[in-house]
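Remarks on the structure that follows.
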Amino acid sequence: MTTVSVVGVGYLGAVHAASMASIGHTVIGVDVDERKLAELSAARAPFFEPGLPELLVETQDSARLTFTSDPSAVAAATVHFVCVGTPQSADGLHADLTYVHAAVESILPHIGPGHLVVGKSTVPVGTAAELAGTVRATGAELAWNPEFLREGKAVQDTLRPDRLVYGVPDGDAGEQATEQLDEVYAIVLDRGTPRIVADYPTAELVKTAANSFLATKISFINAMAELCESAGGDVTVLADAIGIDDRIGRKFLNAGLGFGGGCLPKDIRAFIARADDLGAGEAVSFLREIDAINLRRRERMVELALGECGGDIDGVRVTVLGAAFKPDSDDTRDSPALAVAAALHAQGAVVTVTDPEGLENARRREPQLTYEEDLTTALTGAGLVLLLTEWSEYRQLDPVTVKRLVEHPRLLDGRNVLDPAAWRGAGWTYRALGRP
Ligand SMILES: NC(=O)c1ccc[n+]([C@@H]2O[C@H](COP(=O)([O-])OP(=O)(O)OC[C@H]3O[C@@H](n4cnc5c(N)ncnc54)[C@H](O)[C@@H]3O)[C@@H](O)[C@H]2O)c1
């Protein structure tokens, strides 16, 4: 077993740290956020992620997992995973690499020959090659091992990923890095996980290419939803019909309010910016349209809401079901649901937002909105209900029961997850994106 450090214990790093401890490694988690460290040190997850609390308790009981703000603690480890954030920069589309540089610099004095620094953050192609020199100056090596986990399924995705990708340098250094990573991931590899060893740029590009493909698939079906809206078609039937073709596949073809979160939107924007820098902007110029289609869905949802209220939503009590960018997460970064809620508030609607897990984060992001934990209270007296994040409790709502709570039975299904016939049958005005 190896002693590893995980630098940056947010959504990715905390799950990675707990997962590595669960497969037997000794893990030192490092972060600059004292609040997060205090929670993790008490074996509590600082964010909602199914399975993480159990893993934290199990691994801390065995004393294999510790957390600290002192970067010198990494000296006890030989493999160092860098998991800090790479948000969109404040003044453009590029990724902000400040945290990656700061994290790597903070550990440089404490690493040396035989150590391996492993980047897991999503970075623009070329970042690993840029960082390799400073890491090598200490005698250590650098690998890039992009992460593909999905929030809500992060533990499962870390311990049983679809694949592991290693970006390593040429020659002996690459072989040595591969061996070290194989040792760390031995249990995961023994489960039959495919492993792809590549050079740095390919490994970095695998991550951005995968995210770009997924974003494209979502925006493709949402573009079809726009056409269905103009032509009177039903995008859900269309998606089923094209998805049966196994060259296309049905996954990621659910038309609705589009994608959000801390990854897809900023990753495709950073890809566009990096491709421009490399003189290859034309190759991914379609991603600008993917982003635009995605953002147009939010505008369309606001238009539908206004339409339902005869063009004037001022003073209307609107209940928004969902604040997180997707179900089974409390992450509200670039959340489509929250963006629509804020836009309706700006138009004068009296908006109440409810969400099983995301309210604390949502309140920090959009403090002007009203938040209500209790679903029944949130629905009571509503003049218009919008389902914007498809939590299972919202999918299972009973139209007859909910009708008794609201003032006007008007519903907009932003995720195409409810049965229109059942809701209309119960006396609701039901509308959805991409459906007649
Ligand atoms: N969240 C996901 O689902 C996911 C999936 C795959 C890849 N990624 C990528 O992983 C990276 C991290 O994403 P995240 O969602 O975990 O972000 P996050 O904001 O939740 O976590 C980042 C953490 O890094 C810490 N940090 C910042 N500077 C530091 C420093 N100098 N030293 C130590 N810690 C520092 C922050 O305090 C924070 O806790 C990003 O590049 C993201 O694109 C995320």
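Every number here is computed from the coordinates shown, using simple stated rules; none is lab data. No experiment lies behind these values; they were computed from the predicted model shown. We place every Cβ from the backbone using ideal geometry, glycine too, and count neighbours over all the protein chains shown.
Would the stretch 85-92 turn up any residue that is free of Cβ contacts under 8 Å to residues at least 40 places away in the same chain and under 23 Å from residue 33 (Cα atoms)? Yes: one or more hits. Contact map, the stretch 140-164: residues that are more than 9 Å from the ligand (Cβ to nearest atom) paired with residues that are in a loop (DSSP other than H, G, I, E, B) and among the aromatic types (Phe, Trp, Tyr), Cβ distance under 7 Å, separation 6+ or inter-chain. Pairs shown: 161/148; 162/148; 164/185. Of everything listed in (1) within 16 Å of the ligand (Cβ to nearest atom); (2) farther than 30 Å from residue 322 by Cβ; (3) not in a helix (DSSP H, G or I), the single unmet condition for residue 259 is (2).
For the stretch 13-22, indicate whether the set of residues that are buried (at least 24 other Cβ atoms within 10 Å of the Cβ), hydrophobic (A, V, I, L, M, F, W, C) and away from the ligand (no atom under 16 Å from the Cβ) is non-empty. Yes: the stretch 13-22 contains one or more residues that are buried (at least 24 other Cβ atoms within 10 Å of the Cβ), hydrophobic (A, V, I, L, M, F, W, C) and away from the ligand (no atom under 16 Å from the Cβ).
In the stretch 332-345, which residue that is surrounded by fewer than 23 Cβ atoms within 10 Å (Cβ to Cβ) and out of contact with any helix residue (DSSP H, G or I) (no Cβ under 7 Å at 6 or more places or on another chain) is farthest from residue 358 (Cα to Cα)? That would be 345. Scanning the stretch 150-164 for residues that are surrounded by 22 or more Cβ atoms within 10 Å (Cβ to Cβ) and either outside any helix (DSSP H, G or I) or not β-branched (Val, Ile, Thr) (or both) turns up 151, 154.
When the stretch 272-303 is examined, which residues are found to be in contact with a strand residue (DSSP E or B) (Cβ under 9 Å, 6 or more places away or on another chain) and surrounded by 20 or more Cβ atoms within 10 Å (Cβ to Cβ)?
Looking only at the stretch 272-303, we keep the residues that are in contact with a strand residue (DSSP E or B) (Cβ under 9 Å, 6 or more places away or on another chain), and these are 273-274, 301.
Hits for the stretch 272-303 are 274, 301.
Number of residues in the stretch 188-209 that are among the basic types (Lys, Arg) and closer than 21 Å to residue 22 by Cβ: the value is 2. If the condition is being within 11 Å of the ligand (Cβ to nearest atom), part of a helix (DSSP H, G or I) and out of contact with any helix residue (DSSP H, G or I) (no Cβ under 6 Å at 6 or more places or on another chain), then the stretch 105-125 contributes only 105.
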